[in-house]
1. Within the set of pairs 6+ apart or on separate chains, which have a first residue in segment 93-111 that is among the hydroxyl-bearing types (Ser, Thr, Tyr), a second that is surrounded by 24 or more Cβ atoms within 10 Å (Cβ to Cβ), and C-beta atoms under 6 Å apart?
2. Taking segment 148-164, which residues are open to solvent by 30 Å² or more (accessible area, probe 1.4 Å) and in contact (Cβ under 8 Å) with a residue 40 or more places away in the chain?
3. Of everything in segment 47-84, what is among the acidic types (Asp, Glu) and at pLDDT below 90? Give them in sequence order.
4. Being charged (D, E, K, R) and open to solvent by less than 60 Å² (accessible area, probe 1.4 Å) narrows it down to one residue among GLU230, GLU248; which is it?
5. Can you tell which of PHE222, PHE170 is open to solvent by 40 Å² or more (accessible area, probe 1.4 Å), touching a Gly at 6+ places or on another chain (Cβ under 9 Å) and among the aromatic types (Phe, Trp, Tyr)?
6. In segment 88-117, what count of residues is obtained for those that are more than 15 Å from the chain's Cα centre (by Cα), open to solvent by less than 10 Å² (accessible area, probe 1.4 Å) and either farther than 21 Å from THR292 by Cα or at pLDDT 95 or above (or both)?
7. Can you find a residue that is in contact with an Asp or Glu (Cβ under 7 Å, 6 or more places away or on another chain) and polar (S, T, N, Q) anywhere in segment 306-328?
8. Any idea which residue in segment 167-185 is nearest to ARG117 (Cα to Cα), counting only those that are modelled with pLDDT under 90 and among the polar types (S, T, N, Q)?
Amino acid sequence: MSNRYRSICFIALAAGSVAITDAAMRGAAAQSCSVMRKINIGVSVAPPNVVHTSPHVAKELGFFAKRCIEPNIIQFEGGASATASAAAVQGSAIVSVSDVAIGRGMKVQQFWGLAPRMPQAYMVSAGVKTAADLKGKKLSATGGGVGGFNWRMGREILRTAGLTVDDAQFISAATAGRLPGLLTGQIDGVALHPEDVYLAKKQKPSLNVLVQLADLMPNYMFNAYGASLEWIARDRALLRDTAAAMIEANRAMFRDKAKVVPIIEKATDKPGEAVEYAIDVLTKNCVWSVNTGFDPARTQWSIDNSAENGDIEQDRKPTVEQVANIQLAKEAVEAAGGAVAIGSCKD
């Protein structure tokens, strides 16, 4: 199949064969499809952060089209939001799925790890020098409120100083309000993605990076796409091919920054220099996956951590196999041409 796709992407000229444009590649690919398979792909933030833009890159570079897939990219207000969870359960979209959701009874399963490692830094106001200084401060709870990502990360940082969530005030807001909230002093601490770290320091140099979240929780599984169990059973091929397209996109972001920056800049509505900074951080630290994105040990650690924190009841703790369909992810890697290593990145 890959050879057939490759033949679409080249035309023979008198002087030899040359690659045609991405737009022409998409058009040729679509013409070769008797039916375009439609799928809704959720991203966890509106607008997306750089780390979430794999679907956008895959769409613009024709990786979906050559697999006869027509994606509709949907933005959610946090991966743990009610609307994202409903979409996952109903099988209306693939979205970021957590071990917590599965442990709480959602009939869903991860099938590809978009970004195994956390990209964010926890940024704080000028007067905060240590985690202990967060006592009594206002912290972000964007991305799902209580139980959402920012709330959970704030809890972990408070814990390092012997504090609990009751020792700070958590403020819920739209995910787009994370950076403005810190800049205006409405909050004193928030997990920011690399592009927003860049912009925060540029606009307000007095802000501090308290800790890199990947250093705080190196084994935490950050972001994996999931689908309903019924969907996986009904149309495994569509999910496999969708993941394969995004695997190609991730690899392109490692290998051809200049080509993907305009796509990501448009999707995120962030300036080019911030996007370039973020891509450098994400690729250097192997945040994006280049293969399945799964490590059973990482998934197990995340499950155990959720149970220890009370996010999952101990007697309802799911197994690694219940959380992650690693076999389906492997099938997607094979559909993308097989496993690769890019520098030190192998997940």
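1. SER96/SER44; SER96/GLY79; SER96/ASN223
2. PHE149, THR160
3. Just the residues of segment 47-84 that are among the acidic types (Asp, Glu), to begin with: 60, 70, 77.
GLU77 - this is the single residue of segment 47-84 that is among the acidic types (Asp, Glu) and at pLDDT below 90.
4. Details: GLU230 fails: open to solvent by less than 60 Å² (accessible area, probe 1.4 Å).
Being charged (D, E, K, R) and open to solvent by less than 60 Å² (accessible area, probe 1.4 Å) holds for just one of GLU230, GLU248, which is GLU248.
5. Selected residue: PHE170, the only one of PHE222, PHE170 that is open to solvent by 40 Å² or more (accessible area, probe 1.4 Å), touching a Gly at 6+ places or on another chain (Cβ under 9 Å) and among the aromatic types (Phe, Trp, Tyr).
6. 2
7. yes
8. Applying the filter and picking the extreme gives THR175.
The values are calculated or read from the model by the stated rules, or taken from the named source; none is laboratory data. Keep in mind that what you see is a predicted model, and the values were worked out from it rather than measured. Please note: Cβ atoms are built from the backbone with ideal geometry, for glycine as well, and neighbour counts cover all protein chains shown. Quick note on the areas: whole protein, heavy atoms, side chains included, nothing else; ligands and nucleic acids left out. Shrake-Rupley method; radii C 1.70, N 1.55, O 1.52, S 1.80 Å.
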